[in-house]
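Reviewing the structure listed below.
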Amino acid sequence: MGWKLWWWWWWWLTAAAVEVAAESAHHHLVTRIGFGSCANQGAPQPIWNAIIDFDPQVFIWLGDNIYGDIRRPFKIFGKERTIGPWRNSPRFIPSSEQEMKSRYGKAKSNPGYSRLRKNTKVIGTWDDHDYGLNDAGKEFSRKVTNQRLLLDFLGEPQDSPRRKQDGVYASYTLGPIGRLVKVILLDTRYHRDPLRSDGTILGSSQWEWLEKELNSSPTSVTIIGSSIQVISNLSATTGPLFYMESWGRFPKERDRLFKLIEDSKRDGMFFISGDVHFGEITRYDCATGYPLYDVTASGITQAVEKVVPQPLHLLVRFLAWLTPTTMRVMDHNCRYRSCTYGLPNFGAVEIDWNAAPVTLKIEVRDVNGNPVVGVATSLSELQARNFNSSITKKTREHQRHCSLEVSLPWIVRYRLAILASCALAILVIALIGGVWAAILACRRCGRGLKRKCD
């Protein structure tokens, strides 16, 4: 009987020690947070070395954590045409459950990522390619199965509420009392209506949940993670050449989000996002009583400059600078004049709790861990004050970060499309001119030969 009693006491003490350790870890001071997106499991991922050197206590996946769908080749002609207005076959098709498992397994076993997971708490949400299909929303039939696969990849406990709800949204409160950091991760896929519908992104249940989270106990810092960009709406200026997914393409939903944040009077809030295959920082000054930042880090492997030859990188950077934007933060600290970065990158948040006031440094960093764009601010500057948003919009509408892209004059807004049309017209005229010149030259040559024969 005595040995059973000792065994019981040993088991209780061990369990208590584990619980205390877990609780202690939960309350550790958070000073460094890393985040990233768009990681093709089949591509080299050297950037993990820089992320590990940054030594984040938390790393946040913002979607496209794997590329689970199958991308078919470009085909203009033939039976299966995947591009052009005449296309009759989808460019992307879903993978099987087994193939998704295999791709997650490959991503999880990456040596750099495996080293990060040993000392860093990893959390995250998804975007379209790990959801299962490019640009997919609530209509996607395999979302329930793929939700389970994502949560397995993230190591979510089997009894987690995330395994019982519709969607992978979640929140985490980290750090000690008085220095709390709240991370809210949104699901922009499971409930999303079709693009161009101006319907819902989050769905009613997630909106109710988000309202409760924003009106819950205050925290020093609140980070909202969205797989797609919240503040930037570059599609308003790059269309009709090409479009990108963003909250700006659902204006009613974005207005609702800004209104919810304003009503919550929550301090120290900013967004982090991914998806677009380049890094940038955007800002909106007319949603709350303080600037709202959106730090986009995209991607771990996928980046716009990687898909074009090296000599064309300067052209990509020039077009990024030429693209009209009212939201992007532009200053001399950016590596490039466009204040975008089109090579592999990750996001880094540093909080100096010992500074007075507490300071925040939010950056996009390159494969070597060097900052390429960044913002330094303080919690005192991110304080919700008494203000009327409608009055603020009227009195500050002249300011750069108070006018959305859709409000730009049409000749500015469609600058890229106008230039592309002019370039195409010049190219066509030059081609026609070249063909006509060749025909005339052939005729002259033919006449010359005829004279010689005569």
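When segment 295-317 is examined, which residues are found to be farther than 21 Å from L62 by Cβ and surrounded by 14 or more Cβ atoms within 10 Å (Cβ to Cβ)?
Initially, segment 295-317 is screened for residues farther than 21 Å from L62 by Cβ, giving 308-317.
Hits for segment 295-317 are H313, V316, R317.
Give the residues of segment 27-44 that are surrounded by fewer than 20 Cβ atoms within 10 Å (Cβ to Cβ) and closer than 21 Å to S273 by Cα, sorted by residue number.
Of segment 27-44, the ones surrounded by fewer than 20 Cβ atoms within 10 Å (Cβ to Cβ) are 27-29, 31-32, 40, 42-44.
Passing the criteria: T31, R32, N40.
Are any residues in segment 354-380 among the small types (G, A, S) and without any contact (Cβ under 8 Å) to a residue 40 or more places away in the chain, and if so, which ones?
Just the residues of segment 354-380 that are among the small types (G, A, S), to begin with: 355-356, 369, 374, 376, 378, 380.
Those that are among the small types (G, A, S) and without any contact (Cβ under 8 Å) to a residue 40 or more places away in the chain: A355, A356, A376, S378, S380.
Looking for whichever is touching a strand residue (DSSP E or B) at 6+ places or on another chain (Cβ under 8 Å) and either in the same structural domain as S273 (by TED's automatic domain parsing) or not aliphatic (A, V, I, L, M) (or both) here; the options are R115, R72. Which one fits?
Exactly one residue qualifies, and that residue is R72.
What number of residues within segment 42-74 satisfy the criterion of being among the β-branched types (V, I, T), within 30 Å of S89 (Cβ to Cβ) and either modelled with pLDDT of 95 or more or part of a loop (DSSP other than H, G, I, E, B) (or both)?
1
Condition test on D135, is it surrounded by 15 or more Cβ atoms within 10 Å (Cβ to Cβ), assigned by TED's automatic domain parsing to the domain that holds P324, under 30 Å from S421 (Cβ atoms) and in contact (Cβ under 8 Å) with a residue 40 or more places away in the chain?
yes
Matching residues to (1) touching a Leu at 6+ places or on another chain (Cβ under 9 Å); (2) in the same structural domain as R400 (by TED's automatic domain parsing); (3) closer than 19 Å to G374 by Cα:
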site: R266; (1), (2), (3): yes, yes, no
site: I281; (1), (2), (3): no, yes, yes
site: D294; (1), (2), (3): no, yes, yes
site: Q310; (1), (2), (3): no, yes, no
site: L314; (1), (2), (3): no, yes, no
site: A320; (1), (2), (3): no, yes, yes
site: T325; (1), (2), (3): yes, yes, yes
site: H332; (1), (2), (3): no, yes, yes
site: N354; (1), (2), (3): no, yes, no
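What residue, among those in segment 88-143 that are among the β-branched types (V, I, T) and closer than 21 Å to G36 by Cα, is farthest from the chain's Cα centre (by Cα)?
T120
Considering only segment 332-339, I want to know if a residue exists there that is modelled with pLDDT of 95 or more, touching an Asp or Glu at 6+ places or on another chain (Cβ under 7 Å) and assigned to a strand (DSSP E or B).
The answer is no; no qualifying residue exists.
Mind listing whichever residues of segment 75-105 are in contact (Cβ under 8 Å) with a residue 12 or more places away in the chain, aromatic (F, W, Y) and more than 15 Å from D135 (Cα to Cα)?
Y104
Which residue pairs have Cβ atoms closer than 6 Å, lie 6 or more positions apart in sequence or on different chains, and pair a first residue in segment 393-415 that is over 21 Å from G239 (Cα atoms) with a second residue that is part of a helix (DSSP H, G or I) and at pLDDT below 65?
C402/R396
Among the residues of segment 163-178, which ones are surrounded by 19 or more Cβ atoms within 10 Å (Cβ to Cβ) and under 23 Å from D69 (Cβ atoms)?
Across segment 163-178, the qualifying residues are G167, V168, Y169.
Step by step: first the residues of segment 357-370, then only those that are out of contact with any Ser or Thr (no Cβ under 9 Å at 6 or more places or on another chain) and surrounded by fewer than 17 Cβ atoms within 10 Å (Cβ to Cβ), then the one that is farthest from Q383 (Cα to Cα). Which residue is that?
N368
All but one of (1) modelled with pLDDT under 95; (2) within 30 Å of L29 (Cβ to Cβ) hold for V373; state the number of the condition that does not hold.
The single condition V373 does not satisfy is (1).
For segment 75-88, what are the residues that are loosely packed, with under 15 Cβ neighbours inside 10 Å and under 30 Å from T125 (Cβ atoms)?
Hit for segment 75-88 is I83, nothing else.
The values are calculated or read from the model by the stated rules, or taken from the named source; none is laboratory data. Because the structure is predicted, anything quoted here is derived from the model rather than measured. Virtual Cβ from ideal backbone geometry, glycine too; neighbours counted across all protein chains shown.
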